[in-house]
Structure formats: structure tokens, C-alpha cells
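Down below is the structure, laid out as C-alpha cells.
Since every read-out is calculated from the coordinates, none of them should be taken as a lab result. Since the structure is predicted, the reported quantities are computational estimates derived from the model, not experimental observations. A quick note on method: Cβ atoms are made from the backbone with ideal geometry, for glycine too, and the neighbour counts reach across all protein chains shown.
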Amino acid sequence: MKTTPRREFIKSASVLGLALPFLNPNEIFGQQIDSFIFHSPFMKVAMRKDFPQLISLCVDSLGKGKEMVNPLLIGESVIKKYKSTVSEKSISYHPESQEEDSDPAWNLSFSDKSIQIISKKTEDSEPFNFTVNQEINHTTVLGVMKERNKVILPCLIHLPDMGTFRVTSNVSGLELFTDARRANSEVKGKLEHNFVSISFPPASDEHPLITYQLDIVSIYPDGTANKNDLIYDGFKRNFINIFQVNPRLRVLANNSSSDSCAFTLYMSAQLAQHTPRLADGLKAIYPLAVVNVIVTAIGGENSVKGAERFAQDVLIHKPDLILIDYGLNDRGCGLEKAYTAWNQMIKLAKDHGIKVILLTPSPDQSVNYADVANELNKHAEQIRRIAAENQVGLADSYQAFEFLYQDKEQLSKYMSQVNHPNQLGHELIANELMKWF
């Protein structure tokens, strides 16, 4: 494999204007760019004045002013121009088409260890984006991803060998868009660099004011490193380096644009056990831990048969969580026998300290849903009652499909056959399950 010495790569990348050392952030593609500059012991930042764009970002989570190469990829030109207002520690951006006395579309304020980004609704709001050259820094975004390329706040933006931003917002459940790709991995010649991109949504009619808070943090186990010993600096900056998430696959991987592998997952699981809390409501043990799914179901089986083999085929694996989903097939054994069997399995699981989530039945296209007394609905109601009586979790698949029951043609788009969902249908069920995680 041919490699390029780090010094030569930095030199060539700087000449191209794709990755600029912080010492000269004002020159891009041979042109002088008027910029706003802020620096503290924890970060060095440069931004364009004619467009809300970072042109340089260097972070030292230990506040020691460590000199680093700027990892950002910078666009050669901007389509839409902005007017900016600058103070010592902040910069505001107004679209040129905006009235003089209107609120800025974007405002960025800087302090020693934090960046506050405020977006206010304008007619033509644009997201705030930045892109990292992955050949210089393997930046990754860590958080809960229920959909491809979308990470729910709070989350972390981790820059190995530099430090970590903890990102929060005033809007609950807001998502950042993130992507990562290898050069030439899709259409040859279109991508010149491996990259990781991060996009902050602008304010909207639904959320006319959005505040993003980016705080610089160091995440490592307490008591494992002497605070004053320089030998531990790398440990403190890089303890969570192994956590790299591919935002397209939503899995832990070798890096954000790579694939997963067993060794990565094993090491991640080991490290996650010792990793402190990442943010409020976000721990490394989840969603970054390995989830081992064991399927013990048998096609066509009802809960009576399932209960007979529950101890030998399910409990033998010593699971942390058991999902029970027999509603469709239980129409064959009836409500009374199903009630006894479900309760028997739940009791055995709880006696072994295992958590349980019950699922109501997914659709059967042969059912007359206009008849509320249909057999499938009766089983769904009974499963809800069993969950309440036993104080266990419930994923209500039956209700998740309710918006489709009056239109069989639309329902069929979520089904692979008469009583089995396709990928779209399974996503509805998965969304119900994810409410518990």
C-alpha cells in the first residue's frame, strides 16, 4: 500500500486550500478571505464573514493550546452572500436580501470552552454545515440514530487527538444530519477526499428559534489518570476514539465511512462498560454497546407451544430482554389458553430478573378491520391488559398500523404477504420498540 508522509500530505492539502493550518486561515484557493477569528486555550476558530461557514477549527479539550492542523474541507465559493456583524466574541449573519433591522439568520457566540449557535426563522433559512477531511481527522458523531444519517440531540462530535463537543439544544428531539463517505466510493471522480459532514437544521415555522450549545468536554473514567501528569494527555483526549459510528448503516464501525467488524464490536463493548455518561440521557453502554439478537421463534407456533419450550429454548440464553409476539397465531388456540401461556412466560422471565416487552399483533390483510370485534383486535386488547397486569413493556404494533386499516391498498404497501410485514411494516414495529430504549 502506498502511503504519503503526514508532512507531505499536509503540505499538499494546504496548497490546494482543502485543509488549512490555523496559522493562515484567511487564504482559500489563493484568495484572501475576510474572516472572524476567535481563540482560547481550548479552541481556535476562523469563520467567513460573507457566509456562515467555519473555515478553520482546532480543538484541545484539555485547554493546553495544542497546535493542530485544521481538518476542515472548505468550499471554493458561496452562492448566497450574507452581511455580518462582528464583535470580539460573536458574529451574526444576515442574508443580503434581508431588511437591515431584522433578526440575524445565524448568530455564533464563543467562550473559552463553548460555542453557542442561534438560528432564527427567515424566509430562506439554510442549514449551518461543516465538513471534515477524514484523511486528516476521523471525526465521528455519537448518539441515538433511529433513522439513517440522523442523530438525535444530545450527541457528541468527537475529533480524535483534539477533543469532543457535547451538543445540546433548546428543542427536544431535534436531529442533526450527518454523513460520511470514502473518496470515489460511489461515482469515480466525484469525491476527492474521504469526508464526514455535519449539518445543523435552521429555524423553521415549527421551531422559529433554535439554540445549539456546543461544550468542549473530556470523557474518560474518573480516577484512571493523574490530572497533572502529561503522560495521560493522550488518554484523556482519546479515550472514546474507538467509538466510530457509520451514519448510513447506524452501526459501530472501524471509522465513520467504513464497515463494522467483530473485533471493533468486541472492543467497543469492553470499553463502553467503563465510559462515563456522554450527555444527559446518553450513555456509551447504549446505544454504542453490542446488541446480540437471538431468534428462538418457530414459524406458525402459538403461545401455548412457545410456553412449553420457554425454559429450555429461551431462558437458557440468559437474555437481558425478551420480546413476546404470538398475537397473530394465537387466534388458533383462543383467548383463554393464550392468556395462561403469556402469563406463564412472563412469570418465568421475571423470576429470572429478565425484562419483557410484549407486542400486539401486526396486520393480517384478510381481517375485516371495520369490525372492532374482529379476533385480532380481541387479542391485541388482551395483550395490552396482560402488559398492564404484569407491569411489563408493550410495543403496540396493532395500533401502529391503525392509520392503514381503512385502506387495504395502502396497507398492502407495508406487507410482503397476507400476514407478514415488509421492510416498511417492520420499521413501524421497530419504532414502537425503540420507544423503550
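Suppose R0 equals 25 Å. What FRET efficiency, 1/(1 + (r/R0)^6) with r the Cβ-Cβ distance, do GLN270 and ASP161 give to the nearest 0.05?
Computed FRET efficiency for GLN270 and ASP161 comes out at 0.70.
Assuming 0.36 nm per residue, please report the length gained on full extension of the stretch ASN422 to ARG248 beyond their Cα-Cα distance.
Value of the extension gain: 60.6 nm.
Between LYS355 and VAL295, what is the label-point separation in nm under the 7 Å Cα-to-beta-carbon projection?
Calculated label separation equals 2.3 nm.
What spacing in nm lies between the two simple spin-label points modelled at ARG309 and GLU402, each 7 Å away from Cα in the Cβ direction?
3.5
Between ASN431 and ALA370, what length in nm is gained on full extension when 0.36 nm per residue of separation is reduced by their alpha carbon distance?
Full-extension gain reported as 19.5 nm.
If the label point is 7 Å along Cα→Cβ of GLU192, which residues in region 119-133 have backbone nitrogen under 14 Å from it?
133
So what J values fall out for region 298-303 if you push phi through Karplus, 6.51 cos²θ - 1.76 cosθ + 1.60 with θ = phi - 60°, rounded to Hz, Gly and Pro as x?
Calculated HN-Hα couplings, in order: 10, x, x, 6, 9, 5 Hz.
Based on the inverse mean of 1/r over its pairs of different Cα atoms, what is the Kirkwood hydrodynamic radius of region 303-434, in Å?
Result for region 303-434, one decimal place: 15.3 Å.
Evaluate E = 1/(1 + (r/R0)^6) for GLU389 and ASP112, where r is the Cβ-Cβ distance and R0 equals 41 Å; express this FRET efficiency to the nearest 0.05.
0.15
Quick one: if the Förster radius is 51 Å, what FRET efficiency do LYS318 and ASP205 give, using the C-beta to C-beta distance and rounding to 0.05?
0.55
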